[in-house]
Amino acid sequence: MTDIRPFRPGDEPALTEICVRTADAGGDATGMFRDDQLWADIFALPYAVRHPDLAFVVETDDGRVVGYIVAAPDTDDFERWFAQSWWPSVRDRYPPDGAGERERGIIAYAENRAPGRARHAAEFPAHLHIDLLPELQGQGFGRRLIDRLLAALAARGVAGVHLVASEENTGAVLFYPRVGFTALPSEPGSRAFGRLLSPGGRIPA
């Protein structure tokens, strides 16, 4: 039976594959960069390393991991760790020289991550990434992953969580309001969403 379970060591290759196969605005980004691993080294694996207790996967009855959700409970703390510890440990794999324009942009994004730069972190201190392979989409597992993570964040006393999706990822843009997220002011080309977890909270104007 396909079900959700906590992340465990050994899931990293599956997280990498899922991340790559959904990285192009929800579509397959395989072969887009010189090394596909770049996607996961920025958007998936550091979260599982830093906060494995906030990482959950969907596993099929034949043992395949086909979806995941990962999160950081304190965005500024995570961005500090990413800049000081995680990215220096992997950056040599991704020299900007010789990279295409989009790859250079992703590398620059990683290089420039730092506390205080996430626009909505003050009101919504946590942030998340969620990805499901196409075979799993439309079956309610996205909502279940969100619910599992939000329960874990709320148990920690986290006040709220936000995320940013590509504007081109129309499926994601439609999905988040359906699971209780509210649209937030966004940068061009992206759509930000937030959800408060503490009682009595309100979405900032």
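The values are calculated or read from the model by the stated rules, or taken from the named source; none is laboratory data. Because the structure is predicted, anything quoted here is derived from the model rather than measured. Please note: Cβ atoms are built from the backbone with ideal geometry, for glycine as well, and neighbour counts cover all protein chains shown. Only protein heavy atoms, including side chains, enter the accessible area calculation; ligands, DNA and RNA are left aside. Shrake-Rupley method; radii C 1.70, N 1.55, O 1.52, S 1.80 Å.
The residues of the chain present an accessible area of 48 Å² per residue when probed at 1.4 Å with all protein chains retained. Computed from point charges on the beta carbon alone (+1 for Lys and Arg, -1 for Asp and Glu), the dipole magnitude for segment 47-135 about its Cα centre is near 400 Debye.
Computed with every protein chain present, the accessible area of residue 107 is close to 10 Å² [probe 1.4 Å].
Size check on segment 1-137: the Cα extents along the three principal axes, sorted descending, read 43, 36, 24 Å.
Look at the alpha carbon pairs under 8 Å that are at least 6 residues apart: their mean separation over the length of the chain gives a relative contact order of 20 percent. Computed over neighbours whose Cβ is under 12 Å from that of residue 52, the net charge equals -1, Lys and Arg +1, Asp and Glu -1. Here the Karplus relation 6.51 cos²θ - 1.76 cosθ + 1.60, evaluated at θ = phi - 60°, turns the backbone of segment 157-166 into coupling constants of x, 5, 6, x, 9, 10, 7, 10, 10, 5 Hz, with x for every Gly and Pro.
Set the Cα radius of gyration of segment 128-205 against 2.2 N^0.38 Å, with N its number of residues, and you get 1.11. Estimated purely from DSSP H runs of n ≥ 4, each contributing -39500 (n - 2.57), the mean residue ellipticity at 222 nm for the chain is -9500 deg cm²/dmol once divided by its residues.
I need the calculated FRET efficiency for the pair residue 154 and residue 93, taking r as the beta carbon distance and R₀ as 30 Å, to the nearest 0.05.
Between residue 154 and residue 93 the formula returns 0.25.
Placing +1 on the Cβ of every Lys and Arg and -1 on the Cβ of every Asp and Glu, with nothing else charged, gives segment 132-205 a dipole about its Cα centre of roughly 360 debye. Longest exposed-loop-site-free stretch of the chain, with GluC sites (Glu not before Pro), DSSP loop and at most 15 other Cβ within 10 Å? By the stated rule (loop sites, at most 15 other Cβ atoms within 10 Å), 1-166. Measuring max minus min along each principal axis, the C-alpha atoms of segment 1-67 give extents of 34, 26, 19 Å (largest first). Convex hull volume per residue, computed on the Cα atoms of segment 64-205, equals 144 Å³. Within the accessible surface of the chain, defined with a 1.4 Å probe on protein heavy atoms only, the carbon and sulfur portion equals 49 percent.
How large is the charge dipole for the chain, taken about the Cα centre, if only the Cβ atoms of Lys, Arg (+1) and Asp, Glu (-1) carry charge, to the nearest 20 debye?
Here the size comes out at about 720 debye.
Once the chain from residue 61 to residue 12 is taken as fully extended at 0.36 nm per residue, the excess over their C-alpha distance is 15.8 nm.
With each label modelled as a point 7 angstrom along the Cα→C-beta vector, the residue 76-residue 183 pair spans 2.9 nm. Within segment 1-79, the trypsin sites (Lys or Arg not before Pro) that combine a DSSP coil assignment with at most 16 other C-beta atoms in a 10 angstrom radius are 34, 64. Electrostatic tally near residue 102: other residues with Cβ closer than 14 Å to its Cβ, Lys and Arg +1, Asp and Glu -1, net -4.
Once you have the Cα-Cα distance between residue 102 and residue 28, take 0.36 nm times their residue separation minus that, and quote the gain in nm to one decimal. Intermediate values should be presented prior to the final figure.
Values: separation 74, 0.36 × 74 = 26.64 nm, distance 1.49 nm.
Stretched fully, the residue 102-residue 28 segment lengthens by 25.1 nm.
Placing 170, 60, 2 in order of accessible area, with the largest value first and a 1.4 Å probe, yields 170, 2, 60.
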